[in-house]
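Read the structure below first, then the notes.
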Amino acid sequence: MTLSRGANGKRWAKNATAKRAALLTSIPPEYRIPVDVFPPPTQLDVTKFPTESKWFTEQELEITSTSAPSLLDKIANSVWTAEEVTKAFSKRAAAAHQLTNCLSETFFQEAIDTARALDVHLQRTGRTIGPFHGLPISLKDNFNIVGKDSTVGFTSWVNNPATYNSTLVELLRNAGAVLYVKTNVPTAMMIAETVNNVFGRTMNPLNRALTSGGSSGGESALIAFGGSPLGVGTDIGGSLRIPAACTGIFTLRPSFGRFPTLGARSGLAGQEAVNSVNGPMGKTLDDILLFSKTVVGLEPWMQDPKCLPIPWRSVKIKQKLKLAVMWDDGMVTPTPPVQRALKETVDKLKKAGHEIVEWHPSLHAQALSILGRMFVADGGKSVRAILEPTEEPFRPEMQAYSEAEEMGVHAMWKLHLERTELQKKFLDQWNSYGGLDAILCPTTPYSSVEHGKFKYVGYTGVFNIVDYAAVSFPCGVIVGKEIDRPKPWHRPLSDLDKEIHAEYSQHVVHGMPVSLQLVAKRLEEEKVLEMTREIVEALNKAEDLHTRSFPRL
């Protein structure tokens, strides 16, 4: 775990040390990995640990390898009890934390008590409590739960438990979900990697030398390890999609208003020039669809005044999609494995009969500029005010906030006008393609990247500015150290592009999955999920045909 320097004797450091110790103490002895099977620090991929260690029972492994929809079915039909499911995921989540540092809060016994009560209700009445009956759901740290901290990576918010629940927490509990852990985030949730001065750094379970992304990187690490069947994160510039891409899982970045955001904690409270949204993270697309359809079905607009009263809609997509591929965004070129993944995906989609055109990213630089200016419009006052009570220093990743100058009201209003004008231009460009269904592009320039080297969020942030619905999905491509060598003919689009490619090493990311991003228009969550399903099925079919035609030795 990496903490800022100069910690000796500082109040912020004492708070951090005490909080980390309390978190470890909250893990019961039966969930602590035995010394004789604990993986050495040199073991980078720990995703196989649950199976190979023999520490988990066959039932625990089966439960924690089952998708969320199947878990609900098995609990409802009494194949497994909610208590069995909760205990299995609690144990695996505890192991995930010990190996990747992905959690911020645990409340295992409370979760088990909740699960037992759900089992009693089902046995007595023969009916489930609600659509999430017995399903363990993990939450990003900023979701408030009464009696639990939401530090959001700030030492001054340690031992400052919430006095109210976030609206989403209330909805999930009333629907029968079992809440059992909260997951680590970067400071203020404004860093593309998950690192802060309270808990330190979260590692990627697929390769602990690499980042799990941010700001929902605790969630992505937990899910990729198998410690959660379904998690909830947030996204203001890529905070769902970046960590999902770094760990090879699925996520949906919805447009603002589809899912409830009321009552969650923020390091930039009141910043609404670009809205943060909540979204699901899971290993399968069915997990994402389950959450989305169910939460909207709970009518969150009756509890959150900013939720839109739009029921979940049934959509039928065209057999032949029209997709605009964006090879790069004009500022940073994807690294070699992402370039290859995008090309191979486009080739397979063409063969499947879909129409491919090219997206011209002429507005993307301005969109990213707007996003950056909005984030620091208060001159870093919000972050500084939370750091000051414990004299906590700005982390180096937060340099832009420490150096920013406050923007006046008039300048901010002008920025709002610039944003709205760009949104109109973006919509006009989309419409100019005539019947365009979606943009297909990288989620990030990386598959993943070494800790401290994630430097670009342009591929995600632009779609926060226009508030479009987007899915990040693993496309089936795995980085290969031979095929994904650096390209000597690479011509950088910018100094940052040059720096990113100079740091790229195919050996470091060998074996990592590559994700891509599918983007639909605003409030087209149903459509983007169905289009993603169509694309994933086309890719799987193409892979099956390739495997049958060319046996792999």
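Every read-out reported here was derived from the displayed coordinates using simple, explicitly stated rules and does not represent laboratory data. Just so we're clear, the structure is a prediction, and the values are computed from it rather than from any experiment. So basically every Cβ, Gly included, is an ideal-geometry build from the backbone, and we count neighbours across all protein chains shown.
Numbers at a glance
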read-out: Rotationally averaged projected area of the stretch 366-441 (alpha carbon convex hull; nm²); value: 7.1
read-out: Set of aspartates and glutamates near Lys14 by C-alpha distance (under 12 Å), chain-local residues within fewer than 8 positions excluded; value: Glu391, Glu392
read-out: Cut-off under 5 Å, modelled amide H: who pairs with Phe256 long-range; value: none
read-out: Residue exposure sequence - Met412, Met326, Met531 - by fewest surrounding Cβ within 10 Å; value: Met412, Met326, Met531
read-out: Share antiparallel - DSSP beta bridges, the chain, percent rounded to 5; value: 70
read-out: Gyration tensor over alpha-carbon atoms, the chain, equivalent ellipsoid semi-axes in Å; value: 32, 29, 25
read-out: GluC sites (Glu not before Pro) restricted to the stretch 259-360 and DSSP loop, no more than 12 other C-beta within 10 Å; value: Glu272
read-out: The stretch 324-549 - percent relative contact order, Cα under 8 Å, separation 6 or more; value: 30
read-out: Per-residue ³J(HN,Hα) for the stretch 513-528, Karplus 6.51 cos²θ - 1.76 cosθ + 1.60, θ = phi - 60°, Hz, x for Gly and Pro; value: x, 10, 10, 10, 10, 10, 10, 10, 6, 4, 6, 9, 5, 4, 5, 5
read-out: The chain: calculated mean residue ellipticity at 222 nm from DSSP helix runs of at least 4, using -39500 (n - 2.57); value: -12000 deg cm²/dmol
read-out: Cβ-defined net charge surrounding Ser515, 14 Å radius [Lys, Arg +1; Asp, Glu -1]; value: +3
read-out: The stretch 52-302, relative contact order in percent, only Cα pairs under 8 angstrom and at least six apart counted; value: 20
read-out: Area projected by the alpha carbon convex hull of the stretch 52-302, averaged over all directions, nm²; value: 12.5
read-out: Amide H within-cut-off set for Gly233, under 5 Å, with H built and near neighbours excluded; value: Gly279, Met281
read-out: Cα-Cα over 18 Å, subset of Lys91/Lys182; Lys322/Lys348; Lys74/Lys293; value: Lys74/Lys293
read-out: Summed side-chain charge close to Gly353 - residues other than Gly353 whose Cβ falls under 15 Å, Lys, Arg +1, Asp, Glu -1; value: +2
read-out: Kirkwood Rh in Å, taken over all unlike Cα pairs in the stretch 146-225; value: 13.5
read-out: Nearby aspartates and glutamates by direct alpha-carbon distance to Lys140 (threshold 13 angstrom, same-chain neighbours under 8 apart not counted); value: Glu105, Asp149, Glu219, Asp235
read-out: Dipole magnitude of the chain, debye to nearest 20 (Cβ charges: Lys/Arg +1, Asp/Glu -1, about Cα centre); value: 280
read-out: As computed over the stretch 86-223, the Cα convex hull volume per residue (Å³); value: 102
read-out: Dipole axis of the chain (+1 Lys, Arg; -1 Asp, Glu on Cβ), positive-most option in Gly353, Gly372, Tyr433; value: Gly353
read-out: Cα Rg over Rh - the stretch 324-549, Kirkwood; value: 1.01
read-out: Relative packing of peptides 283-295, 110-122 - highest average C-beta neighbours within 10 Å first; value: 283-295, 110-122
read-out: Trypsin sites (Lys or Arg not before Pro) restricted to DSSP loop in the stretch 317-412 with at most 16 other C-beta within 10 Å; value: Lys318, Lys320
read-out: Share antiparallel - DSSP beta bridges, the stretch 324-549, percent rounded to 5; value: 75
